[in-house]
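Heads up: the structure comes next, in structure tokens.
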Amino acid sequence: MIINTDINILGSLPDLELIRTYYFETKTDNLGHNANSSYTKIKTERSVKRFGRAIKRTLFTFKNDNVKWLISNILENDTKPDDFHLMLFWNASFNNQLINYLNTQVYFPAYYSGRLVLKTDEVFACLMELKIKSAGLQKWSDKTIETVASKYLTFLRKHNLLEGSLIKKIKHPYLSDLSFINYFYWIIAIEPKSNILDSNWLIYSFTEKDVLIERLLQKKYTKFIDLTYTGDKLTLIPIVDYKNLYDAITRP
């Protein structure tokens, strides 16, 4: 597992809308030229670049051009906050192995078991256990691990998956049609397995499998996804080109 401390940096980002600002500045090769005015809550150019490295590595690295189009369309259009946060959360989880590990070992087990609260101690215990078997964590002190555990929960809160300050309560997002279709196009783009039911990324739908399939089979989604479902196998083929997907969903 490749491990870094991007969780700390992204969890400290004062405003996730700054991600959109960073995106447009990098598109115009303007990052750093006007840093302190654009990132009003980040005081130094050095800090801007530090945030920028984490954003680029974890949020703006793309498995392929199809994923890039999904992210770009979300960033370049006036999407609702939940759609914006979910798309970035999915991509961050794919790019950052530690985020994905904590999601699968701590967050999603709590989420799908119906738990109400997630505690820093649970994340800390998970990281301490991982430290025993992962060379990447050997040099981390208990204080560093405690900070990462805390920032991980803040990261989830910033993506609208938790709420509260001292006590982090688990939220249960309902995917809008935009996020629902984007999710399946995303999983098609990143998943090498032909049977989506075998995908480890299925839990990222925030929906129990039976309920997810029932919704996917609704007629309104058939113009976006060609599917074959046999009960134990689900294969998906995108109908709309990724480049045009956002317009097809929002401006039918």
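Within region 147-158, is there a residue that is assigned to a helix (DSSP H, G or I) and surrounded by fewer than 14 Cβ atoms within 10 Å (Cβ to Cβ)?
no
Please find, within region 1-24, the residue that is surrounded by the fewest Cβ atoms within 10 Å (Cβ to Cβ) out of those that are assigned to a helix (DSSP H, G or I), of a type outside the set (Ser, Thr, Tyr) and modelled with pLDDT under 85.
By that ranking, first place goes to Glu17.
Looking at region 100-118, I want the residues that are under 13 Å from Leu156 (Cβ atoms) and have a partner that is part of a loop (DSSP other than H, G, I, E, B) with Cβ atoms under 7 Å, at least 6 apart or on another chain. Which pairs are those?
Within 7 Å, the pairs are Val117/Ile167.
For region 220-230, give me each residue that is in contact with a helix residue (DSSP H, G or I) (Cβ under 9 Å, 6 or more places away or on another chain) and not in a helix (DSSP H, G or I).
Once the filter is applied, which keeps residues that are in contact with a helix residue (DSSP H, G or I) (Cβ under 9 Å, 6 or more places away or on another chain) and not in a helix (DSSP H, G or I), region 220-230 yields Lys223, Phe224, Ile225, Leu227, Tyr229.
All but one of (1) modelled with pLDDT of 75 or more; (2) assigned to a helix (DSSP H, G or I) hold for Ser37; which doesn't?
Going through the list (1) modelled with pLDDT of 75 or more; (2) assigned to a helix (DSSP H, G or I), Ser37 breaks only (1).
Taking the conditions exactly as written (modelled with pLDDT of 85 or more and among the hydrophobic types (A, V, I, L, M, F, W, C)), does Leu70 satisfy them or not?
So Leu70 fits the description; yes.
Quick check on region 206-219. Is at least one of its residues touching a helix residue (DSSP H, G or I) at 6+ places or on another chain (Cβ under 6 Å), surrounded by 16 or more Cβ atoms within 10 Å (Cβ to Cβ) and farther than 18 Å from Ile74 by Cβ?
Scanning region 206-219, I find at least one residue that is touching a helix residue (DSSP H, G or I) at 6+ places or on another chain (Cβ under 6 Å), surrounded by 16 or more Cβ atoms within 10 Å (Cβ to Cβ) and farther than 18 Å from Ile74 by Cβ, so the answer is yes.
Read through the list (1) touching a strand residue (DSSP E or B) at 6+ places or on another chain (Cβ under 9 Å); (2) farther than 17 Å from Asn100 by Cα; (3) among the hydrophobic types (A, V, I, L, M, F, W, C); (4) in a helix (DSSP H, G or I), then give the number of the only condition that Leu212 fails.
(1)
The values are calculated or read from the model by the stated rules, or taken from the named source; none is laboratory data. The model shown is predicted, which means the values in this text are computed figures rather than measured ones. No Cβ is skipped: glycine too gets one built from the backbone with ideal geometry, and neighbour counts run over all protein chains shown.
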